[in-house]
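Here's the structure we're looking at; comments come further down.
The values are calculated or read from the model by the stated rules, or taken from the named source; none is laboratory data. Remember, predicted model here, so these are calculated numbers, not experimental data. As a convention, Cβ positions derive from the backbone with ideal geometry for all residues, glycine included, and neighbour counts pool all protein chains shown. Heads up: the accessible areas ignore ligands, DNA and RNA and are worked out on the full protein's heavy atoms, side chains in. Shrake-Rupley method; radii C 1.70, N 1.55, O 1.52, S 1.80 Å.
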Amino acid sequence: TYRPEFKSLDSHTVKRLLSNGFNFSPTNLERFNACRFRFLLDYLLKILTEEPSDSILFGNIAHEILSKIINTDASINDLKNQFIEKLEKPLTPKMKVHLDLFVNRLEKVVEYLNKMEKASAFVNEGFEMELKAEIPEHPQFFMKGKIDRVLSYESNNKKYYSVIDYKTGT
């Protein structure tokens, strides 16, 4: 159960901070549970921003490539370069080497996924599908997220779904 309590803040301040509602994701709920003060700074006040770590960068590029590679004629390297161009800061030489090694591993993942898809009766329903749901007890709050990949299979007038979540972090 979510209870937006910040013990060091008076209730009037908390109500003002939360008055516009809030979209929750599994990531920011995890942050809330780990450290409410950090959550307050990061997600509500938006005053404590940090540089993305290497693992976040790798996770983001993996999601980007995996969500686009099946529906495009672009190569993994093309998608990697498009991703790098969108970054606000250039990569260090060390990061470029690590990213190239990571993308080479990702090519093997894509080969495996393509092989599995050809052998399966499931078809792609979509990639990076957004999901947003109201929290009934708290109408100003929403849970949101993205589903990395959804596959479906139809048999005997029933439709079955497979939800895939790419795990790229720890």
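Quick one: count up the residues across segment 146-159 that are surrounded by 11 or more Cβ atoms within 10 Å (Cβ to Cβ) and either hydroxyl-bearing (S, T, Y) or at pLDDT below 90 (or both).
Going through segment 146-159, the residues surrounded by 11 or more Cβ atoms within 10 Å (Cβ to Cβ) turn out to be 146-154.
The next check asks that each one be either hydroxyl-bearing (S, T, Y) or at pLDDT below 90 (or both); those that pass are 146-149, 152-153.
Result for segment 146-159: 6.
Enumerate the pairs (first residue in segment 111-122 and more than 19 Å from T72 (Cβ to Cβ); second residue anywhere and surrounded by 10 or more Cβ atoms within 10 Å (Cβ to Cβ) and of a type in the set (S, T, N, Q)) with beta-carbon separation below 7 Å, excluding pairs fewer than 6 apart on the same chain, so at least 6 apart or on different chains.
F122/S152; F122/S162
What are the residues in segment 128-145 that are open to solvent by 60 Å² or more (accessible area, probe 1.4 Å) and either under 19 Å from V110 (Cβ atoms) or of a type in the set (S, T, N, Q) (or both), if any? Walk me through how you get there before you give the answer.
Kept after step one, since they are open to solvent by 60 Å² or more (accessible area, probe 1.4 Å), are these residues of segment 128-145: 129-132, 134, 136-137, 139-140, 143-144.
Q140 - this is the single residue of segment 128-145 that is open to solvent by 60 Å² or more (accessible area, probe 1.4 Å) and either under 19 Å from V110 (Cβ atoms) or of a type in the set (S, T, N, Q) (or both).
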